[in-house]
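**Q** The structure under discussion is supplied below as structure tokens; questions concerning it will follow.
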């Protein structure tokens, strides 16, 4: 099995998304999966301009000759696409959306329909499976509702199976390794096991997903920790000119 992991965080390896993605991919690699990783923030990828050049004039080839072309070839060679993104204002990052919009080259312009409505046929084979890894600062899995619905719809439009999502709310609580070492360890172990299960079964059990998204501290403690941090940060720059 081969997967391509797309890290759509602007902060790349330094971001909180990578904090979760690393043990998850360790779990997959431990089960023999060949993992290819791409950081969108390092790529020169232009936005889709809606010109439909890839539909008719140069079928399957975008008007932009940029690094997305190489990513398209990598996508065509794998069995699963794993999109990893933090939540920004209830949605995926701008990097993730720009990448997804450029996947239109996989689609034939004609309309077809299924029992849920209209879709475009595939021009090329797209990875048969899609999985989401996402983190956010707020506590509660409901903060991912908009993104998981979007991923379900994206998978349908690309004729791929949506295999679920590894979701980590209250991501900053994972920094409390000194105060709650056992709780953090349980979460990190669950994240690694999620990668193992996805590699072996193409799905992750609800029990593992719940453990990966479980509470490390209370919502009240998280709020106090976050607000104290930002108070300190604001104080640093209080006397500096704007």
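The values are calculated or read from the model by the stated rules, or taken from the named source; none is laboratory data. Everything numeric in this text was worked out from a predicted model, so none of it was measured. Using ideal geometry, Cβ is built from the backbone for each residue, glycine included, and neighbour counts are taken over all protein chains shown.
**Q** Could you grab me the full set of residues in region 159-190 that are over 30 Å from residue 125 (Cβ atoms) and touching a strand residue (DSSP E or B) at 6+ places or on another chain (Cβ under 8 Å)?
**A** If the condition is that a residue be over 30 Å from residue 125 (Cβ atoms) and touching a strand residue (DSSP E or B) at 6+ places or on another chain (Cβ under 8 Å), then 168, 169, 171, 174, 187 are the ones that fit.
**Q** On to the next question. Are there any pairs, at least 6 apart or on different chains, whose C-beta atoms fall under 6 Å, with the first in region 167-193 and touching a residue at least 60 places away in the same chain (Cβ under 8 Å) and on the phi < 0 side of the Ramachandran plot and the second surrounded by 20 or more Cβ atoms within 10 Å (Cβ to Cβ) and part of a helix (DSSP H, G or I), and if so, which?
**A** So the pair list comes out as 168/20; 191/20; 191/24; 191/212; 192/27; 193/208.
**Q** All but one of (1) free of Cβ contacts under 8 Å to residues at least 40 places away in the same chain; (2) surrounded by 16 or more Cβ atoms within 10 Å (Cβ to Cβ); (3) in contact with a strand residue (DSSP E or B) (Cβ under 9 Å, 6 or more places away or on another chain) hold for residue 212, so report the exception by its number.
**A** (1)
Per-residue answers, yes or no, for (1) surrounded by 14 or more Cβ atoms within 10 Å (Cβ to Cβ); (2) in contact (Cβ under 8 Å) with a residue 60 or more places away in the chain; (3) more than 22 Å from the chain's Cα centre (by Cα); (4) assigned to a loop (DSSP other than H, G, I, E, B):
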{"site": "26", "(1), (2), (3), (4)": "yes, yes, no, no"}
{"site": "32", "(1), (2), (3), (4)": "no, yes, no, yes"}
{"site": "35", "(1), (2), (3), (4)": "yes, no, no, no"}
{"site": "51", "(1), (2), (3), (4)": "no, no, yes, yes"}
{"site": "58", "(1), (2), (3), (4)": "no, no, yes, yes"}
{"site": "62", "(1), (2), (3), (4)": "yes, no, yes, yes"}
{"site": "65", "(1), (2), (3), (4)": "no, no, yes, yes"}
{"site": "72", "(1), (2), (3), (4)": "yes, no, no, no"}
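**Q** Could you check how many residues of region 134-166 are under 29 Å from residue 102 (Cα atoms) and in contact (Cβ under 8 Å) with a residue 60 or more places away in the chain?
**A** Total satisfying the criteria: 9.
**Q** Run down 161, 182 and say which single residue is modelled with pLDDT of 95 or more and closer than 30 Å to residue 76 by Cα.
**A** 161
**Q** Does region 99-118 hold any residues that are farther than 11 Å from residue 157 by Cα, in contact with a strand residue (DSSP E or B) (Cβ under 9 Å, 6 or more places away or on another chain) and touching a residue at least 12 places away in the same chain (Cβ under 8 Å), and which are they?
**A** 99, 100, 108
**Q** Could you list, in sequence order, the residues of region 76-91 that are more than 14 Å from residue 41 (Cα to Cα) and either in a loop (DSSP other than H, G, I, E, B) or touching a strand residue (DSSP E or B) at 6+ places or on another chain (Cβ under 6 Å) (or both)?
**A** Selection gives 77, 78, 79, 80, 81, 82, 87, 89, 90.
**Q** Condition first: surrounded by fewer than 16 Cβ atoms within 10 Å (Cβ to Cβ) and farther than 24 Å from residue 79 by Cβ. Now tell me which residues in region 188-209 satisfy that.
**A** Listed by number, the residues that qualify are 189, 207.
So that you can scan it fast, the table gives a plain yes or no per residue for (1) at pLDDT below 95; (2) out of contact with any helix residue (DSSP H, G or I) (no Cβ under 6 Å at 6 or more places or on another chain); (3) buried (at least 19 other Cβ atoms within 10 Å of the Cβ); (4) at positive phi:
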residue: 82; (1), (2), (3), (4): no, yes, yes, no
residue: 88; (1), (2), (3), (4): no, yes, no, no
residue: 93; (1), (2), (3), (4): no, yes, yes, no
residue: 96; (1), (2), (3), (4): no, yes, yes, no
residue: 107; (1), (2), (3), (4): no, yes, yes, no
residue: 124; (1), (2), (3), (4): yes, no, no, no
residue: 138; (1), (2), (3), (4): no, yes, no, no
